[in-house]
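Each remark here refers to the structure printed beneath this line.
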Amino acid sequence: MSKKGKVKLSDIAKEAEVSIALVSYVLNNQHPDRIKKETAARIKKIAAKLNYRPNPLAKGLRTRKSNAIGLVLADLANPFSAQIARIIEDNVIGSDYILLIGSMDESIVKFRKLIDTFIGHHVDGLIIVSPEYSKKEIKAIQKQGIPYVLIDRYFPDQPFNFVGNDNYFATHACVQRLVTNGRKSIGFITHDTDYFHFSERKRGFESACREQGIQTEGRVMEVALSGLKTNVKKAMDTLLANNPDLDAILFSTSVLTLYGLKYAVRNQLNVPEQIEFMGFDQAEYYDIFSSPMTYYEQPLEEIGKKAVDFLMLEIDNPGGQTIQEIVKGSLKEAVAPIVR
């Protein structure tokens, strides 16, 4: 047997007293009409006895097909990334593929390295949460004919495959709910970035406020993607100091919501009676207050399934289809803890 106890085709061939090529044909179901059934059965029995396990990546290098999908996420520490990764993994495994996951941490340099690594291992397709300024890299993937689909973040001015949330609808619906709840002075904390989906969330907020006759000047705080603890504190301080009548704050991500909730606890804000908080995506910490908090739930199950389904079609029929789809989520209420 090979070093380190790893069984190779040569080990099976030696015990079966056949060629390595013949073992490869049998285990990869090649040329079945040319191989005696008794010989094939004997090879398979020996492979099972030796506990042979094929290396899918090594196979991919030989056949240029790995039965693997590469998933590029923004930040594995982000609850959104964890949720969408699990959904995609379930759908990929259900299609008899394996999922390789990498986090680019909002770095275009790391993004390029991940893409190069996945392509170098001959993944059959890519599902991508893209960083800022990555149009050139996506165009290169498209030009090489590699099946891919963007999720969450997309470029509306480019003919790229994508499935994403309707971000304009999301914040527009949140403002409408806050107004229904009697809120008249609403703040908005989001990210200072050129990402299109954040631009759409800001546009939806401002549009809904205009329709309701609510002013937004001095009530939109944009914070950098890094240094969130400090930057959210500054944004909250400014928002509350300049708007003493503020009675609601909408956060454009679950992470921003978390820092907002921490601020509320530290500063003993009367939430939600005096000032209502509204967040994005489901999170366990939304039940921190006795009254349930409303949040916008992105359609992650639908996004993940559509992305995988499209990718499988593209792998089987390259260049046969495109997808550019925006899907809507809905408003939900976190379950408040039972007070005894």
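The values are calculated or read from the model by the stated rules, or taken from the named source; none is laboratory data. Keep in mind it's a predicted model, so treat the numbers as computed, not measured. In this analysis, Cβ positions are derived from the backbone assuming ideal geometry, glycine residues included, and neighbour counts consider all displayed protein chains. SASA here: full protein model, heavy atoms, side chains in, ligands and nucleic acids out. Shrake-Rupley method; radii C 1.70, N 1.55, O 1.52, S 1.80 Å.
Being closer than 30 Å to Asp157 by Cβ, polar (S, T, N, Q) and in the same structural domain as Arg201 (by TED's automatic domain parsing) is a property that Ser291 lacks.
All of (1) touching a Phe, Trp or Tyr at 6+ places or on another chain (Cβ under 6 Å); (2) at pLDDT 90 or above hold for Leu73 with one exception: (1). Beta carbons closer than 6 Å, at least 6 apart along the sequence or on distinct chains, never pair a first residue in the range 19-39 that is touching a residue at least 60 places away in the same chain (Cβ under 8 Å) with a second that is hydrophobic (A, V, I, L, M, F, W, C) and surrounded by fewer than 16 Cβ atoms within 10 Å (Cβ to Cβ).
Of the residues Lys305, Lys229, Lys233, Lys262, the single one that is basic (Lys, Arg), assigned by TED's automatic domain parsing to the domain that holds Asn161 and closer than 21 Å to Asn78 by Cα is Lys305.
To keep it simple, each residue is scored yes or no on (1) closer than 28 Å to Leu256 by Cα; (2) at pLDDT below 95; (3) surrounded by fewer than 21 Cβ atoms within 10 Å (Cβ to Cβ).
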site	(1), (2), (3)
His121	no, yes, yes
Pro131	yes, yes, yes
Val149	yes, no, no
Pro156	yes, yes, yes
Val163	yes, no, no
Arg177	yes, no, yes
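Taking the range 139-157 as the range and being of a type outside the set (Asp, Glu) and more than 20 Å from Asp309 (Cβ to Cβ) as the test, the residues that pass are Lys139, Ala140, Lys143, Gln144, Phe155, Pro156.
Can you pull out the residues in the range 142-159 that are free of Cβ contacts under 8 Å to residues at least 40 places away in the same chain and either in the same structural domain as Asp281 (by TED's automatic domain parsing) or among the hydrophobic types (A, V, I, L, M, F, W, C) (or both)? Matches in the range 142-159: Ile146, Leu150.
Would you check if there is a residue in the range 171-182 being under 19 Å from Asp152 (Cα atoms) and of a type in the set (Val, Ile, Thr)? Looking for residues that are under 19 Å from Asp152 (Cα atoms) and of a type in the set (Val, Ile, Thr), one finds at least one in the range 171-182, hence yes.
Only residues that are open to solvent by 60 Å² or more (accessible area, probe 1.4 Å) and touching a residue at least 40 places away in the same chain (Cβ under 8 Å) were counted in the range 95-116, giving 2. Contact map, the range 77-91: residues that are closer than 22 Å to Leu228 by Cα paired with residues that are of a type in the set (S, T, N, Q), Cβ distance under 6 Å, separation 6+ or inter-chain. Pairs shown: Pro79/Ser254. Taken over the range 235-288, the residue count meeting the criterion of being among the polar types (S, T, N, Q) and farther than 24 Å from Arg153 by Cα is 7. Annotation note: Cβ proximity below 6 Å between a residue of the range 293-319 that is over 28 Å from Ala283 (Cβ atoms) and a residue that is open to solvent by 30 Å² or more (accessible area, probe 1.4 Å) (sequence gap 6+ or interchain) occurs for Met312/Ser95; Leu313/Gln321. From the residues in the range 69-94 that are of a type in the set (A, V, I, L, M) and open to solvent by 30 Å² or more (accessible area, probe 1.4 Å), which one is nearest to the chain's Cα centre (by Cα)? Step by step, filter the range 69-94, then rank; the result is Ala82.
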